[in-house]
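Everything on this sheet refers to the single structure shown next.
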Amino acid sequence: MNSDIGGQVAVTGIGPISTLGIGAKELAAAPTVTGAVGEAPAGQPRTRELDGFHPAEFLGRRGWRLLPRATQLALAAARLALPGPDAMGAPARERTGVALGTNFAVDEIVDRIDRALLEEGVSGISPVECPNFAINVPVSQVSLSYGLKAFNVTLVNLLTAGYESVLLGARAMLAGRADAVLTGGIEGLPPAGAGALCGPRSA
C-alpha cells in the first residue's frame, strides 16, 4: 500500500504465493474455496506444503538455497507485489517499510535446533541454519534484499497477525514514517497439533 498527499491509501501490488495460486492472475482463476473458517477438504490437513512453487523462477539461481522456506516465500511474494524501480509513481525504497505477520515461519528450524541440542549438543547445530532461527528473519531478509529502508516489523498473533500488519502499515504512513509499506502474512508449516488451537469449537 502507499499514500499520497491527499491522505488516500492505494494497494499498488499483490503477491500471493499460496496453494490456490502463485500470482494474482492465477489466484483469481482458482476455484472458490467454500466451508467454515479453519475447515479443509475431507482428508486434507488445514495447512499443507506448498506445491508448484519453484524459487528459482522468482529469486534467480543463486542466493536463496540456504534460506528458510518461509523466507523464500516472502521474497517471492514481495517481488510480485513491489512495483519495478522504473514504474511511474513508484515510492522510493528508502521510504518504504515492511510489516509482515507470522506465527510459524521458523518453527521447523527451531524444532530441529532444539532436538539437535537435546540429542547431540552444540555440535549438532548447523552453522548455516542457526542464523535463521529468529522469527524476524523473513521480514529482515525482504528489507535487505529489496532495499526497503523505512523500517521492518514482524507481528506474531495466532489469528490476526496478517491483518495487524496492514493496520500497522497504515498507521506508519499516517505518522509520516513511510510513504509506502509492504504488508501481509507469511507462514511456515505449524507444529503437529497446532490446528486444535484455532479449529472449530463446540459450545
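Observations
- As a rough guide to protection, the peptides 102-108, 62-68, 122-128, 163-169 ranked by mean Cβ packing within 10 Å, highest first, stand as 102-108, 163-169, 62-68, 122-128.
- Extension gain (nm, one decimal) between SER140 and THR19, 0.36 nm per residue minus Cα-Cα: 41.1 nm
- Förster radius 22 Å - calculated FRET efficiency between VAL156 and ALA30 (Cβ-Cβ, nearest 0.05): 0.20
- Fully extending the segment from LEU66 to VAL9 would add 16.9 nm, taking 0.36 nm per residue of separation and subtracting the current Cα-Cα distance.
- Relative to the current alpha-carbon distance between ALA170 and ASP51, full extension at 0.36 nm per residue lengthens the span by 39.6 nm.
Since every read-out is calculated from the coordinates, none of them should be taken as a lab result. All values reported here derive from a predicted model rather than from experimental measurement. Methodologically, a virtual Cβ is constructed for each residue, glycine included, from the backbone with ideal geometry; neighbour enumeration extends over all protein chains shown.
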